[in-house]
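Below is one structure, written out as structure tokens; comments come after it.
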Ligand code: KIV
């Protein structure tokens, strides 16, 4: 009996084929209920290691563990049925060697059921990307501003502003594409560089803080919903969720204190 992957679920190869076509829509999610809402609208959901900052209030993504990624990856897979789910490999779980990366990626894919993993790094990760892809693991790469390298980059800053920096990021894009990545997140680079990379490589570029010149876009869900207390300058807020939560909680607190908290009719009252 031939068993096919879930036909309803977008696969990495489907994203790969979208190069130069209809723009690819992506957002992060770390939990089942938001994943269920996004699922209708996005091509892929990233379980990003930004969950360390967004869910846990950490200052960087560095403390995030493989276990944290797996737990939230499972939640997102439960909540979604259509979008490709990509799970970040966290800092320290893949950089040491291709076989180290393979063991981590296999755990993530077996324990979550996700369709791909993402790794940060360009030329330095090319050998690892090739190793994973050759062994059946679809890999999304991430270049430019790579948050796991915040300490060597000297902060969360736009990358590739000068000629040498731009050439290095361009070489990173070519390297991950040649190594077999199915798509590449390009973060925090100027528009001209994003446009040059997008025109030059055969895989889709997914921009974040990298202008509209990419094949698709990704944002951190809580940033665009207006829930995150501070967001990068490039983020457009499509909602005001923090205000909505605060006013709802305020109304609830007011009613509880005034003893006007409405008891649902007839639910806990003895039957007459
Ligand atoms: O961790 C994350 O959410 C990411 C996106 C910002 C691309 O890597």
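The values are calculated or read from the model by the stated rules, or taken from the named source; none is laboratory data. The structure presented is a predicted model; accordingly, all values stated were derived computationally and were not measured. Here Cβ is always computed from backbone atoms with ideal geometry, including for glycine, and neighbour counts include all displayed protein chains.
Do we find that residue 259 is on the phi > 0 side of the Ramachandran plot and out of contact with any strand residue (DSSP E or B) (no Cβ under 9 Å at 6 or more places or on another chain) in this structure? Spelling it out, residue 259 is indeed on the phi > 0 side of the Ramachandran plot and out of contact with any strand residue (DSSP E or B) (no Cβ under 9 Å at 6 or more places or on another chain). Of all residues assigned to the range 4-16, none qualifies as being free of Cβ contacts under 8 Å to residues at least 60 places away in the same chain and either within 23 Å of residue 202 (Cα to Cα) or touching a strand residue (DSSP E or B) at 6+ places or on another chain (Cβ under 9 Å) (or both).
On inspection, residue 197 does not qualify as crowded, with 17+ Cβ neighbours inside 10 Å, under 20 Å from residue 120 (Cβ atoms) and within 15 Å of the ligand (Cβ to nearest atom). Residue 149 meets all of the listed conditions (1) more than 25 Å from residue 216 (Cα to Cα); (2) within 17 Å of the chain's Cα centre (by Cα) but one, namely (1).
In this entry, residue 156 is excluded by the filter for residues that are surrounded by fewer than 24 Cβ atoms within 10 Å (Cβ to Cβ), over 30 Å from residue 40 (Cβ atoms) and modelled with pLDDT of 95 or more.
Annotation note: of 103, 107, the sole residue that is over 19 Å from residue 186 (Cα atoms), surrounded by fewer than 16 Cβ atoms within 10 Å (Cβ to Cβ) and over 17 Å from the mean Cα position of the chain (by Cα) is 103. When 68, 55, 77 are screened for being surrounded by 20 or more Cβ atoms within 10 Å (Cβ to Cβ), at pLDDT 95 or above and under 22 Å from residue 119 (Cβ atoms), only 77 passes.
Can you work out which of the residues in the range 184-194 that are outside any loop (DSSP other than H, G, I, E, B) and within 11 Å of the ligand (Cβ to nearest atom) is surrounded by the most Cβ atoms within 10 Å (Cβ to Cβ)? The selected residue is 186.
The set of residues in the range 85-100 that are away from the ligand (no atom under 13 Å from the Cβ) and in a loop (DSSP other than H, G, I, E, B) comprises 92, 93, 94, 95, 96, 97.
Would the range 88-98 turn up any residue that is in contact with a helix residue (DSSP H, G or I) (Cβ under 6 Å, 6 or more places away or on another chain) and without any contact (Cβ under 8 Å) to a residue 24 or more places away in the chain? No, the range 88-98 has no match at all.
Take the conditions (1) more than 12 Å from the ligand (Cβ to nearest atom); (2) assigned to a loop (DSSP other than H, G, I, E, B); (3) touching a residue at least 40 places away in the same chain (Cβ under 8 Å); residue 41 misses just one of them, which is (3). Got a number for residues in the range 206-221 being more than 8 Å from the ligand (Cβ to nearest atom) and in contact with a helix residue (DSSP H, G or I) (Cβ under 9 Å, 6 or more places away or on another chain)? So the answer is 9.
Summed over the range 110-131, the residues that are crowded, with 20+ Cβ neighbours inside 10 Å, away from the ligand (no atom under 15 Å from the Cβ) and within 22 Å of residue 6 (Cα to Cα) give a count of 2. Every test in (1) within 16 Å of the ligand (Cβ to nearest atom); (2) touching a helix residue (DSSP H, G or I) at 6+ places or on another chain (Cβ under 6 Å) is passed by residue 79 save one, and that test is (1). Inside the range 24-38, residues that are surrounded by fewer than 17 Cβ atoms within 10 Å (Cβ to Cβ) and either more than 16 Å from the ligand (Cβ to nearest atom) or under 20 Å from residue 113 (Cα atoms) (or both) make up a count of 4. Could you grab me the full set of residues in the range 219-240 that are over 16 Å from the mean Cα position of the chain (by Cα), at pLDDT 95 or above and either surrounded by 14 or more Cβ atoms within 10 Å (Cβ to Cβ) or not in a loop (DSSP other than H, G, I, E, B) (or both)? Within the range 219-240, 226, 227, 237 qualify.
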